[in-house]
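First comes the structure, then the notes that go with it.
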Amino acid sequence: MRKWYLVAGFAVGYVMGAKAGRERYEQIVDYARRVTGNDTVQQVATTMRTQANKAVDAAQDKIKGTKFGEIVENFTTSADEPPKAEPWDSAGVTTPARSDRALRGDAPGF
């Protein structure tokens, strides 16, 4: 039943977006750029980022030396390793996230 709500939500959003048109889309994008470019918003974002980093550091210090801390440490160190080869890599098939163009950043949309 929940899937139908999701599908209905997408359908309503699509219809409403199509009726609003390109002009309304440009207005919304312009407003979003003005809000995110505001100095006050930038200062708040920087403050939030700093506080979040402090909270992360405090949490890491608190769990250091525990069993959960070992799991987290192993997880973060394994993220530095290159990704393991997938079965389709040997077949010459690449996905956008794993292709060389996407990794270099010169793929369309980057």
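On full extension, the segment bounded by Ile71 and Met16 gains 15.2 nm, given 0.36 nm per residue less the C-alpha separation. A Förster distance of 41 Å, applied to the separation of the beta-carbon atoms of Gln27 and Asn53, puts the FRET efficiency at 0.70.
No value in this document is a laboratory result; all are computed from the given coordinates. Note that the structure is a prediction, hence the values are computed from the model and not measured. Cβ coordinates were reconstructed from backbone atoms using ideal geometry, including for glycine residues, and neighbour counts include every protein chain displayed.
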